[in-house]
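Inspection log for the structure reproduced underneath, given as structure tokens.
The values are calculated or read from the model by the stated rules, or taken from the named source; none is laboratory data. Quick caveat, the model's predicted, so the values are computed rather than measured. Counting neighbours? That spans all protein chains shown, and the Cβs are built from the backbone with ideal geometry, glycine included. Just so you know, the surface numbers come from the protein's heavy atoms only, side chains and all, with ligands and any DNA or RNA stripped out. Shrake-Rupley method; radii C 1.70, N 1.55, O 1.52, S 1.80 Å.
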Amino acid sequence: MKKVLRRFLALVVFVMVGSMLPLTIAAQTGFDDLPDPTADAKQPTGVGDALPVTIDNTPDSIAKALMSRPAPGSTREGDNPVLFLIGNSTMRNGTRGDGSNGQWGWGFYASQFFNGRKISVENQALGGMSTRTFYTDLWPAVREALQPGDWVLVSIGHNDGGEFFDQRRARAVIPGLDPDTMIVGFNQRTQRQDTVYSYGNYIRRYVSEIRAKGAHPILMSLTPRDAFDEDGHIIRKPQSQWLATLSAELDVPYVDLNDISGCKLDCYSRWKEKYHFFGDQIHTSHFGALMNARSAAEGLMACQHPSLAPLKAMMLNVEPECYQTSQPSQTSPTHPTVFFTGDSTVKNSDNDDNGMWGWAALAGEVFDESKINLVNAARAGRSTRSFIREGLWEKVYNSLQPGDYVLIEFGHNDICSITDPKERGVIAATADTCHVYKMEKDGRFEVVYSFGWYLKKMIDDTREKGATPILVSLTPRNEWPGGRVERRNDSYGRWYREVIDATGVDFLDLHNLSADVLDREFAVKRLPKNKEKAKARIAKIKELCGNRYFKKDHTHASKAGARLNAQSVARGLREMQSPLAAYLLNP
């Protein structure tokens, strides 16, 4: 009886003073109240002026957004179920959700973790929505599309602060879980009398209505933001505990995304943690969105609620992809592994004595494989950017163990067109700069960073895992200006030195070590004064060197050239007194 009376009194108070309450009450509850860029807002740092600003929609621009979001249920394939995602700009950023402002919502990547032949993932999130405004403005159409056996993942609440009845948004909710509290007032946005309920009240409504349609509700906490508590850890939001309480009350599966991703961010360097966000402290970059999508999938797979069993059977790619390394007998200590990363000069066809070879294919000629595992993770045609974007680096990162080594050698494919179909060019610099570019092939937007930034990412990732990064300069080319082999010390060499100064990484100057050998064998002290004779002399040098050390062009090595580069790597490790030299043959 006392409980009923308490709720009744609270209800009366809210109803009586609703129209008189200061419109900032909800803003004091710790909700994020996400920034909402408008057409005249400034671009986030690093975003090109020529690109359109993506409007992070409020309910006032829903009509425009509906042209971009899929019509609810339209992705359904036959009798397959649909997984509907309910959220805000941290799940779908901007009108189109295409990253044109450098920001991505994690819902864009969620489908990577589900078997599309069994279930479709439909991102119904929209920027600017709160628990309340999604329920009133967008939820009715989603609810209508629900069919028995569907799934609905509800992860919303960032925008639940602010004003209750203002003209622009009117999206705030009452904090907490009380099912009876409410506030009544005139909604200037909708131009009608309105009633606002608690956060818990709206979540209960979602759950009840999902179940009424024979579908399955899932509760998920919010994404973390770039903010730290007094102990230096990523802040955990109050909605997490509210949802945990509701999960127990309603017997609904619950995934604490805030904590799963927060724990990952806590383990990163501050430099790495920062680049998981873009433009502000809440919205994520590609890296942050993909991390949150994986965290969501991992949380679903780890959740023990029995109702999730059918959904788990339709999931894939949740276990991170790793390299399998050979291991010694169970009675011996595990060997360390050295990973080779790079382009075709590190890994090529490597199977024809008269074909093109990468030097890491011959690493077994200089390393003692009874002491260390060798993994050649390089891929022809890749740059620092494309190696990371395609997930090739992620596979190395997932495989690293304390005591491992990573040799990082890139450059041949990096300084080229940024937007062409190969999509591998980078900004020719080492400063932490970036820019949003539109790709020619498919109109996709991508934030492209500098050559040095990508190298620093791989260095930082390696150290995070307790492994040792070694930066390796690019192999020399069969070019002979002035009768001596080309040295690119004023471009790549300068960039490598700047990365070394910034990170303190160990550096193996393969470029100059192999170039020294080539000069000793083919260089001339002076060319003929006659230009034609000089040109002919250079052509002859290039022919002689090419016949021995190169194949088909001025960059790719023959087997002998690859062997030369592998031997230069071994020599460089010894000269720099690297601990990795202990694993060489005849160290």
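Does LYS542 satisfy being touching a His at 6+ places or on another chain (Cβ under 9 Å) and among the basic types (Lys, Arg)? When the stated conditions are applied, LYS542 passes them.
If you go through the stretch 549-566 and keep only what is open to solvent by 60 Å² or more (accessible area, probe 1.4 Å) and in contact with a Leu (Cβ under 9 Å, 6 or more places away or on another chain), you end up with just ARG563. Condition (residue is closer than 28 Å to VAL448 by Cα, outside any loop (DSSP other than H, G, I, E, B) and open to solvent by less than 10 Å² (accessible area, probe 1.4 Å)) applied to the stretch 153-163: is it met by at least one residue? No, the stretch 153-163 contains no residue that is closer than 28 Å to VAL448 by Cα, outside any loop (DSSP other than H, G, I, E, B) and open to solvent by less than 10 Å² (accessible area, probe 1.4 Å). Among all residues of the stretch 451-467, there is at least one that is in contact with a strand residue (DSSP E or B) (Cβ under 8 Å, 6 or more places away or on another chain) and open to solvent by 40 Å² or more (accessible area, probe 1.4 Å).
Considering only residues in the stretch 242-261 that are among the small types (Gly, Ala, Ser) and more than 15 Å from the chain's Cα centre (by Cα), the one that is most open to solvent (accessible area, probe 1.4 Å) turns out to be ALA248. Would it be correct to say that GLU209 is acidic (Asp, Glu), open to solvent by less than 50 Å² (accessible area, probe 1.4 Å), over 22 Å from GLY105 (Cα atoms) and over 20 Å from the mean Cα position of the chain (by Cα)? The answer is yes for GLU209. When SER370, SER349, SER417 are checked against the criterion of being farther than 18 Å from HIS511 by Cα, in contact with a Phe, Trp or Tyr (Cβ under 9 Å, 6 or more places away or on another chain), free of Cβ contacts under 8 Å to residues at least 12 places away in the same chain and open to solvent by 20 Å² or more (accessible area, probe 1.4 Å), a single residue qualifies: SER349. Checking each residue in the stretch 222-241 for being within 29 Å of GLY73 (Cβ to Cβ) and either open to solvent by 30 Å² or more (accessible area, probe 1.4 Å) or out of contact with any Lys or Arg (no Cβ under 7 Å at 6 or more places or on another chain) (or both) picks out THR223, GLN239. Selection of first residues in the stretch 107-128 that are farther than 19 Å from VAL318 by Cβ and of second residues that are open to solvent by 20 Å² or more (accessible area, probe 1.4 Å), restricted to Cβ pairs under 7 Å at least 6 apart or on distinct chains, gives the following pairs, ordered by first then second residue: GLU122/PRO70; GLU122/THR75; GLN124/PRO72; ALA125/ARG92; LEU126/ARG92; GLY127/ARG92; GLY128/ASP36. Within the stretch 285-309, the residues that satisfy the criterion of being under 15 Å from the mean Cα position of the chain (by Cα) and open to solvent by less than 10 Å² (accessible area, probe 1.4 Å) are SER285, GLY288, ALA289, ASN292, ALA293, SER295, ALA296, ALA297. Inspect all residues belonging to the stretch 405-414 and state whether any of them is touching a strand residue (DSSP E or B) at 6+ places or on another chain (Cβ under 6 Å), at negative phi and surrounded by fewer than 20 Cβ atoms within 10 Å (Cβ to Cβ). For the stretch 405-414, residues touching a strand residue (DSSP E or B) at 6+ places or on another chain (Cβ under 6 Å), at negative phi and surrounded by fewer than 20 Cβ atoms within 10 Å (Cβ to Cβ): absent. Taking into account only those residues within the stretch 70-129 that are among the hydrophobic types (A, V, I, L, M, F, W, C) and part of a loop (DSSP other than H, G, I, E, B), which is nearest to THR223 (Cα to Cα)? Filtering the stretch 70-129 for residues that are among the hydrophobic types (A, V, I, L, M, F, W, C) and part of a loop (DSSP other than H, G, I, E, B), the one nearest to THR223 (Cα to Cα) comes out as MET91. In the stretch 485-494, the qualifying residues are those that are within 20 Å of VAL569 (Cβ to Cβ) and either at pLDDT below 95 or open to solvent by less than 60 Å² (accessible area, probe 1.4 Å) (or both), and the one that is farthest from the chain's Cα centre (by Cα) is VAL485.
Screening LEU527 with (1) aliphatic (A, V, I, L, M); (2) open to solvent by 20 Å² or more (accessible area, probe 1.4 Å); (3) under 14 Å from PRO476 (Cβ atoms) gives one miss only, at (3). Can we say GLN124 is in contact with a Phe, Trp or Tyr (Cβ under 7 Å, 6 or more places away or on another chain) and either modelled with pLDDT of 95 or more or open to solvent by less than 30 Å² (accessible area, probe 1.4 Å) (or both)? Here the answer is yes, as GLN124 does meet what is asked. Within the stretch 77-106, being closer than 23 Å to ALA309 by Cα, open to solvent by 10 Å² or more (accessible area, probe 1.4 Å) and touching a residue at least 60 places away in the same chain (Cβ under 8 Å) holds for one residue alone: PRO81.
Among the numbered conditions (1) closer than 21 Å to GLY107 by Cα; (2) at pLDDT below 95; (3) of a type in the set (Val, Ile, Thr), the only one that VAL255 does not meet is (2). Taken over the stretch 234-256, the criterion of being touching a residue at least 60 places away in the same chain (Cβ under 8 Å) and either touching a strand residue (DSSP E or B) at 6+ places or on another chain (Cβ under 9 Å) or part of a helix (DSSP H, G or I) (or both) is satisfied by PRO238, GLN239, TRP242, THR245, LEU246. Return yes when ASP461 is among the acidic types (Asp, Glu), over 19 Å from TYR549 (Cα atoms) and part of a helix (DSSP H, G or I) and no when it is not. Yes; evaluated as a whole, the condition is true for this residue. Among the residues of this structure, GLY149 counts as one that is in contact (Cβ under 8 Å) with a residue 60 or more places away in the chain, closer than 21 Å to VAL82 by Cα and either surrounded by fewer than 24 Cβ atoms within 10 Å (Cβ to Cβ) or polar (S, T, N, Q) (or both).
Return a yes/no flag: does the stretch 187-205 have any residue that is assigned to a loop (DSSP other than H, G, I, E, B), closer than 20 Å to ALA244 by Cβ and open to solvent by less than 10 Å² (accessible area, probe 1.4 Å). Checked the stretch 187-205: no residue is assigned to a loop (DSSP other than H, G, I, E, B), closer than 20 Å to ALA244 by Cβ and open to solvent by less than 10 Å² (accessible area, probe 1.4 Å).
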